[in-house]
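No value in this document is a laboratory result; all are computed from the given coordinates. Note that the coordinates shown come from a computational prediction; the quantities given were computed from them, not determined experimentally. Here the Cβ positions follow ideal geometry from the backbone for every residue, glycine too, while neighbour counts run over all protein chains shown.
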Amino acid sequence: MTSHEASDLSSYEEHVLEQDTLRLWLRLLSCTTLIENQVSSRLRGEFETTLPRFDLMAQLARSPEGISMSELSQRLMVSGGNITGITDNLERDGLVERTTLPGDRRAKLVHLTPKGRIVFDQMAKVHATWIKNWMGQLTELEQHQLYLLLGKLKRHVSASLEE
């Protein structure tokens with residue numbers, strides 16, 4: 001084999017690796033999109049709610065003491081305007097309430113109302129069943145491995161964004 005042939009083989013291997021990496025990215029994206037679309041559709045059909053409303057309520061359920069609007073915006077990675085609109089709708093439905101922070105009359109804490117807690121708990125149980133059924137096609141070991149690998153990917157991407 002000539003050095004030119006070896007360099008062509010290396011170039012070919014790089015091309016295959018690049019294609020495999022892109023295929024992996026597309027597979028990851030398609031799985032995420034499929035699951036998100038199913039969750040969104042089922043939340044609408046079974047609970048007459050949206051995924052953004054569910055996500056906001058999930059954040060509040062994890063923080064019973066309440067969360068500021070800006071913290072919700074950061075956690076959900078959406079604009080403050082989006083959070084305000086969703087919160088307005090949830091408040092109108094009696095599922096969340098806003099309270100003024102002591103010492104800062106402009107800042108508001110958002111938390112679930114008792115009704116909101118009950119509604120969210122019902123949705124969360126059903127949601128967990130959907131996810132468990134979809135992920136149940138993987139063994140426990142496969143789920144654990146996938147979790148670890150995705151964590152590694154997340155750390156690498158986050159670190160590269162900080163550079």
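Put in order of Cβ neighbour count within 10 Å, fewest first, the listed residues Trp25, Trp134 become Trp25, Trp134. Mean sequence separation of contacting Cα pairs (under 8 Å, at least six apart), scaled by the length of the chain, corresponds to a relative contact order of 17 percent. Placing a label point 7 Å from the Cα of Met135 along the Cα-to-Cβ direction, the residues of the stretch 144-163 whose backbone N falls under 19 Å of that point are 144-155. Since only Ala107, Leu24, Val78 are under comparison, the one whose Cα sits farthest along the positive direction of the charge dipole of the chain, derived from C-beta charges on Lys, Arg, Asp and Glu, is Ala107. Across the chain, the volume of the C-alpha convex hull divided among the residues equals 173 Å³ per residue. The charge dipole of the stretch 49-162, taken about its Cα centre with unit charges on the Cβ of Lys, Arg, Asp and Glu (plus for the first two, minus for the last two), comes to roughly 80 debye. Along its first, second and third principal axes, ordered by size, the stretch 113-161 spans 42, 31, 11 Å in Cα coordinates. Of all the options Ser41, Ser68, Ser30, the one that moves most in a Gaussian network model of the chain with Cα springs shorter than 10 angstrom is Ser30. Each stretch of four or more DSSP H residues adds -39500 (n - 2.57); spread over every residue of the chain, this sum gives -26000 deg cm²/dmol at 222 nm. Take each peptide in 139-152, 92-105, 47-60, count the other Cβ atoms within 10 Å of every residue, and average; sorted highest first, the result is 47-60, 92-105, 139-152. Counting pairwise Cα distances across the stretch 16-108, what percent come out greater than 15 angstrom? For the stretch 16-108, the share of Cα pairs beyond 15 Å comes to 69 percent.
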